[in-house]
1. How would you rank 260, 212, going from fewest to most other Cβ atoms within 10 Å of each one's own Cβ?
2. Counting other C-beta atoms within 10 Å, which of 206, 149, 311 has the fewest, and how do the rest follow?
3. What is the packing order of peptides 291-300, 216-225, taking the mean over residues of other C-beta atoms within 10 Å and listing the highest first?
4. After finding the eigenvalues of the alpha carbon gyration tensor for segment 186-248, what semi-axes result from the square roots of 5 times each, listed largest first in whole Å?
5. Quote the Stokes-Einstein diffusion coefficient, in whole µm² s⁻¹, for segment 254-338, based on the Kirkwood radius over alpha carbon pairs, a temperature of 10 °C and a viscosity of 1.306 mPa s.
């Protein structure tokens, strides 16, 4: 270990100025980030010639080697290799610890490769079968990541003869404290798992949750995010989502829309319904199967109300309003051509004959009497009026 530290420290004789050492350190950091970014494209190209899992192993090993090399160069130019060696000696990490370090690195690297392999396998399964949705793939991948990294940490601690009993006891007490302090957050997390497995909606669905309506953009363990039709992003805690009524308008890939129109009482309602149904068949934005329907709904104050029902596929807010606008325009034009009246609200005002009570003259006389205290008014000469 000492000879290796001395060899690394010789880099300081090459870069003696502070500016040169800072430059080398920055270049090492840039090299690490560059290698990390290039590994993805390199892995994709290697997968065309060899098996994807082998490509993952090669790219992971290349990144580890590049990272270790950059770290050694950064330490060497500042003559800190000996200090790092002494720190390792203080931790009692001698030659017998080298196999443990190597095994730990292999465990972590293997876990990373295994997670990437699982991600690729789930993606291929989703492409080959419609039984696995993108939502299920994300849930499975996240659970797999948590499980594999937890196992990797436990194995690494076991290699270093770390007593896990105290850690487990401490984790138990910590879990109780965290559970009491973050009941609402934990409730949202549990509700998130329920939503992920129950799947009342998926990313891209048009939903209405309580008073919020829009397109689902993301589903996490803690909250659900939707984009409203006004362009606003709303974040709803999962416990609120699970506690509200959820309306999924795109569950079956089509949506029924109803538009109401009033017909004058003097018009032939049956004929108006036939004209409206025929006019809806000219609209290209609605489905022909199921066929549009016209029903008589109720008697309104000034009209008989008809309900125009039709379907659209691939529901979205834009398709909904476009189809609604087209149907209204077609029906209005057809009614105008056929002379069918869509009435304005109107009311009839009728008088009613008085059947009892005081006449106007009697009322006036009583009023005058009350004003003079019950004494009939007199004329100026003292006589009665």
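Every read-out reported here was derived from the displayed coordinates using simple, explicitly stated rules and does not represent laboratory data. Fair warning: this is a prediction, and the values are worked out from it, not measured in the lab. Every residue, glycine among them, receives a Cβ derived from its backbone with ideal geometry; neighbour counts consider all protein chains shown.
1. Working: 260 12, 212 16.
So the residues, fewest neighbours to most, are 260, 212.
2. Details: 206 22, 149 14, 311 18.
The most exposed by this proxy come first: 149, 311, 206.
3. Numbers: 291-300: 14.4, 216-225: 17.6.
Ranking, from highest mean packing down: 216-225, 291-300.
4. On the way: eigenvalues 62, 24, 22 Å².
After scaling each eigenvalue by five and taking roots: 18, 11, 10 Å.
5. On the way: Rh = 13.0 Å.
Estimated via Stokes-Einstein, D reaches 122 µm²/s.
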